[in-house]
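Written below as structure tokens is the structure these notes are about.
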Amino acid sequence: MKTVRENGIDGVGGLVAFTSLAVVCFIVWLATGLTTSWLIATLFYVAMASCFLYTTLIGKQKIWDQQLPQLTLSTDTRALDIGCGHGMVLFKIAHRLPAGGHITGIDIWRQQDQTNNSLATVTQRIHAEGLDQVAAVQTADMRELPFADNQFNAIVSSLAIHNVKPKTGRLQSLREIARVLQPGGQLVIADLGFSCNAYRQELTRLGFHDIQVTSTGVIGWWGGPWMPTLVLRAIR
Ligand SMILES: C[S@@+](CC[C@H](N)C(=O)[O-])C[C@H]1O[C@@H](n2cnc3c(N)ncnc32)[C@H](O)[C@@H]1O
């Protein structure tokens, strides 16, 4: 329960849909005299809901625990977490930063994207963990970042950019990332598979190099292998 309180549940609508389908199939299974096909359908949706819940509560954390050792952090680091939500990645980075480094998180706090996220919650946690000198959060839309050109040398984003609709908004967010990230700066994006492939194309066009897209495997499945999490790393 602490994990749910601290990090919320991503895309809760998906979880509700899978659980509702499992319940409907279960009822039909009972009503149709315990036919095997409805039992299989029930188990299928239970598996999808369980897989989704695992990824949002545990898998996503593991993905970033695997990625962050490859992010170079120094006393000069000026990092930005785009769509930080409850700050899962922001706190992991803040605790790793050497003295002098800093990370800023931005979000518009949409409840349908992550339950109970808010500026107040993250601000309180920053204070409670003694990170006031290291981390800060503010309300801002990733399509219009309130920062100067080249202000950051590392940008991360975890499962946030795909929430921007339509696609033109996602491409606008990538242009904003390119604007505020210094040449030579590091970019790490974890996002849904279909989105990451489009990001690669746009980032190439924007002049990013050393772009690598990797799969995160079963720990990043949002209900099944058809909805995987990919990680994109690139240098501006
Ligand atoms: C699925 S949550 C992920 C949060 C966090 N990065 C994590 O991995 O736990 C996506 C976040 O993106 C935020 N978001 C959606 N659209 C946004 C936008 N246009 N600008 C900034 N944040 C946005 C949502 O409010 C939400 O907190």
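The values are calculated or read from the model by the stated rules, or taken from the named source; none is laboratory data. What you see is a predicted model; the values in this text were computed from it and never measured. A quick note on method: Cβ atoms are made from the backbone with ideal geometry, for glycine too, and the neighbour counts reach across all protein chains shown.
Can you find a residue that is part of a strand (DSSP E or B) and touching a strand residue (DSSP E or B) at 6+ places or on another chain (Cβ under 7 Å) anywhere in the stretch 172-179?
Let us first name the residues in the stretch 172-179 that are part of a strand (DSSP E or B), namely none.
Looking for residues that are part of a strand (DSSP E or B) and touching a strand residue (DSSP E or B) at 6+ places or on another chain (Cβ under 7 Å), one finds none in the stretch 172-179, hence no.
Test ALA190 against the criterion of being within 21 Å of GLN67 (Cα to Cα), out of contact with any strand residue (DSSP E or B) (no Cβ under 8 Å at 6 or more places or on another chain) and either surrounded by 18 or more Cβ atoms within 10 Å (Cβ to Cβ) or in the same structural domain as GLY11 (by TED's automatic domain parsing) (or both), and give yes or no. Considered against the rule, which asks whether it is within 21 Å of GLN67 (Cα to Cα), out of contact with any strand residue (DSSP E or B) (no Cβ under 8 Å at 6 or more places or on another chain) and either surrounded by 18 or more Cβ atoms within 10 Å (Cβ to Cβ) or in the same structural domain as GLY11 (by TED's automatic domain parsing) (or both), ALA190 comes out as no.
Checked against (1) touching a residue at least 24 places away in the same chain (Cβ under 8 Å); (2) surrounded by 19 or more Cβ atoms within 10 Å (Cβ to Cβ); (3) out of contact with any Asp or Glu (no Cβ under 7 Å at 6 or more places or on another chain), GLY85 passes all but condition (3).
Take GLN67 and decide whether it is outside the structural domain of VAL12 (by TED's automatic domain parsing), within 8 Å of the ligand (Cβ to nearest atom) and under 23 Å from GLY217 (Cβ atoms). No; evaluated as a whole, the condition is false for this residue.
Determine which member of the set ALA140, ALA198, ALA178 is surrounded by 13 or more Cβ atoms within 10 Å (Cβ to Cβ), touching a Gly at 6+ places or on another chain (Cβ under 9 Å) and not assigned by TED's automatic domain parsing to the domain that holds LEU53.
ALA178
Going by the conditions given, is GLY207 farther than 22 Å from ASP107 by Cα and touching a Lys or Arg at 6+ places or on another chain (Cβ under 9 Å)? Quick ask: steps written out before the conclusion?
Values: farther than 22 Å from ASP107 by Cα: yes; touching a Lys or Arg at 6+ places or on another chain (Cβ under 9 Å): yes.
Here the answer is yes, as GLY207 does meet what is asked.
Look at ASP132 and say whether it is of a type in the set (D, E, K, R) and within 14 Å of the ligand (Cβ to nearest atom). The answer is no for ASP132.
Annotation note: of GLY207, GLY185, the sole residue that is under 23 Å from ARG78 (Cβ atoms) and in contact (Cβ under 8 Å) with a residue 40 or more places away in the chain is GLY185.
Only one entry of LEU15, LEU57, LEU34 meets the criterion of being assigned to a loop (DSSP other than H, G, I, E, B) and over 21 Å from PHE152 (Cβ atoms), and that entry is LEU34. When the stretch 145-164 is filtered for residues that are farther than 23 Å from THR72 by Cβ, near the ligand (Cβ under 9 Å from one of its atoms) and out of contact with any helix residue (DSSP H, G or I) (no Cβ under 7 Å at 6 or more places or on another chain), only ASN163 remains.
With the structure loaded, tell me whether GLN124 is more than 13 Å from the chain's Cα centre (by Cα), closer than 25 Å to TRP226 by Cα and not small (Gly, Ala, Ser) or whether it fails that test.
Numbers: more than 13 Å from the chain's Cα centre (by Cα): yes; closer than 25 Å to TRP226 by Cα: no; not small (Gly, Ala, Ser): yes.
Considered against the rule, which asks whether it is more than 13 Å from the chain's Cα centre (by Cα), closer than 25 Å to TRP226 by Cα and not small (Gly, Ala, Ser), GLN124 comes out as no.
With respect to (1) away from the ligand (no atom under 12 Å from the Cβ); (2) buried (at least 17 other Cβ atoms within 10 Å of the Cβ); (3) of a type outside the set (D, E, K, R), the lone exception for GLY14 is condition (1). For PHE194, the conditions (1) modelled with pLDDT under 95; (2) over 20 Å from ARG233 (Cβ atoms); (3) not charged (D, E, K, R) all hold with the exception of (2).
Of the residues GLY101, GLY87, the single one that is at positive phi and assigned by TED's automatic domain parsing to the domain that holds ARG170 is GLY87. Restricting attention to the stretch 180-205, the residues that are within 15 Å of the ligand (Cβ to nearest atom) and not in a helix (DSSP H, G or I) add up to 6.
Look at the stretch 154-175: where a residue is closer than 17 Å to VAL137 by Cα and modelled with pLDDT of 95 or more and a partner is more than 12 Å from the ligand (Cβ to nearest atom) and assigned to a loop (DSSP other than H, G, I, E, B), sitting 6+ places away or on another chain with Cβ atoms under 8 Å, you get ALA154/LEU71; ALA154/THR72; ALA154/LEU73; ALA154/THR77; VAL156/LEU71.
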